[in-house]
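Structure, as structure tokens:
The values are calculated or read from the model by the stated rules, or taken from the named source; none is laboratory data. Note that this is a predicted model, so its numbers are computed, not measured. Please note: Cβ atoms are built from the backbone with ideal geometry, for glycine as well, and neighbour counts cover all protein chains shown.
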Amino acid sequence: MSVPVLSPDAKGTAEAVRLLAAGGTVAIPTETVYGLAAVASNPGAVARIFAMKGRPADHPLIVHLASIDDIGAWALNVSHWAMRLAAACWPGPLTLIFERSPSVSDVVTGGRPTVGLRVPDHPLARSVIAQVGGLAAPSANRFGAVSPTTAAHVIADLADYLDGTRDAVLDGGSCRVGLESTIVDATGSWPLILRPGAVTAEEIEAITGLTTTREMGGPARAPGMLAAHYAPSAEVIVVEQGANFEVVGRTGYFGAGTIRADVEVLDAPRPYGAELIAAVLYARLREADSMGLDRLVVERPSATGIGGAVIDRLLRAANGSRRI
Ligand code: TXA
Ligand code: MG
């Protein structure tokens, strides 16, 4: 059965709210990537997300809130520096991990003592959340696939798993940022960055006056950060701008440089800047697979701003796709 695609207007939003309130699942646009949402206080609805994604039950979900004023209903012992961070960055692409309030369901937190919270910066998401309450939502892709940045990506991944009578996709066009939110563990005395994103370490340090650290240690703290999660089937090779590279089978090229005759060129932004690259990167990774490429060569952007997060995802994609 095909799944309804709701229009980005009052009628579509009202239908999304109705389905969610009834315990359904709706893929909603956010400024980062599309999320597969269910009402966070409805454990049965949230459990369906795991089945649809094929996601292990111990991987926690982010709860999306309408406003910073809702933190207290979900989290305990929120520090002053974390409040400053939330006030400066929300709505926006930042997730904060707090000690969870006892009322938060184990289904949402994967049984952990913590909960991830974020106020997304997208008018449709905010309108739906304001009407139906906090939404638990992972990225709206099958477990192990690249995050979706358009409604078409969601449908390509999840149409077979969504129920046409209970679930829907709310079409909000292309996501503005294009990479998942920065995740900061705010349970300690300083900001511990679990996943880089559009909000950078420099910005977090300027806002909090604290030195950040970066968690590099595997999936323990933020399960779901495995390299393969960012990898298309095509082998991803990351190169410096202008560097030479080897063509293997059908090779695609995404970069700033001049066009070579022996590669298939994927549309790249001009100028080749990190923000513009982030916005289209996941669409291009998906395109590499739909084109049936064997190898995709990507030129790295400069590491400033969101460039650090772009490089993080590219290196994960490269590691995850390497067929040794
Ligand atoms: O931009 C985003 O963050 C998107 C949009 C939809 O909001 N969401 C997203 O969700 O990327 P997901 O589930 O695909 O990735 C969230 C990551 C996972 O690696 C998860 O393990 C981690 O956040 N996470 C969530 N709650 C956590 C917690 N309490 N402690 C540690 N890690 C947590
Ligand atoms: Mg994800």
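Here is a yes/no grid of residues against (1) touching a helix residue (DSSP H, G or I) at 6+ places or on another chain (Cβ under 6 Å); (2) more than 23 Å from Thr13 (Cβ to Cβ); (3) surrounded by fewer than 20 Cβ atoms within 10 Å (Cβ to Cβ):
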position: Arg142; (1), (2), (3): yes, yes, yes
position: Asp160; (1), (2), (3): no, yes, yes
position: Ile183; (1), (2), (3): no, yes, no
position: Arg195; (1), (2), (3): no, yes, no
position: Glu202; (1), (2), (3): no, yes, yes
position: Glu205; (1), (2), (3): no, yes, yes
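Quick check on region 302-324: of everything there that is modelled with pLDDT of 90 or more and of a type in the set (Val, Ile, Thr), which residue is surrounded by the fewest Cβ atoms within 10 Å (Cβ to Cβ)?
Thr304
On the given criteria, is Val108 within 16 Å of ligand 2 (Cβ to nearest atom), under 14 Å from Ala40 (Cβ atoms) and not in a loop (DSSP other than H, G, I, E, B)?
Yes; evaluated as a whole, the condition is true for this residue.
Identify all residues within region 79-104 that are within 14 Å of ligand 1 (Cβ to nearest atom) and either hydrophobic (A, V, I, L, M, F, W, C) or not in a strand (DSSP E or B) (or both); write none if there are none.
Once the filter is applied, which keeps residues that are within 14 Å of ligand 1 (Cβ to nearest atom) and either hydrophobic (A, V, I, L, M, F, W, C) or not in a strand (DSSP E or B) (or both), region 79-104 yields Ala82, Cys89, Trp90, Pro91, Gly92, Pro93, Leu94, Leu96, Ile97, Phe98, Ser101, Val104.
Tell me which residues, restricted to region 161-187, are more than 20 Å from Tyr282 (Cβ to Cβ) and out of contact with any strand residue (DSSP E or B) (no Cβ under 9 Å at 6 or more places or on another chain).
Result: Asp163, Gly164, Thr165, Arg166.
Being in contact with a Leu (Cβ under 6 Å, 6 or more places away or on another chain) and in a loop (DSSP other than H, G, I, E, B) is the filter here; which residues of region 233-284 pass it?
Answer for region 233-284, where residues must be in contact with a Leu (Cβ under 6 Å, 6 or more places away or on another chain) and in a loop (DSSP other than H, G, I, E, B): Ala234, Arg250, Pro269.
Among the residues of region 150-206, count how many are within 16 Å of ligand 2 (Cβ to nearest atom) and part of a helix (DSSP H, G or I).
So the count comes out to 5.
Residues being more than 13 Å from ligand 1 (Cβ to nearest atom) and either closer than 17 Å to Ser7 by Cα or not in a helix (DSSP H, G or I) (or both): count how many of those fall in region 132-141.
Residues meeting the conditions: 1.
Could you check how many residues of region 1-22 are loosely packed, with under 15 Cβ neighbours inside 10 Å and either part of a loop (DSSP other than H, G, I, E, B) or without any contact (Cβ under 8 Å) to a residue 60 or more places away in the chain (or both)?
9
How many of the residues making up region 276-290 are free of Cβ contacts under 8 Å to residues at least 60 places away in the same chain and surrounded by 14 or more Cβ atoms within 10 Å (Cβ to Cβ)?
Within region 276-290, residues that are free of Cβ contacts under 8 Å to residues at least 60 places away in the same chain and surrounded by 14 or more Cβ atoms within 10 Å (Cβ to Cβ) number 6.
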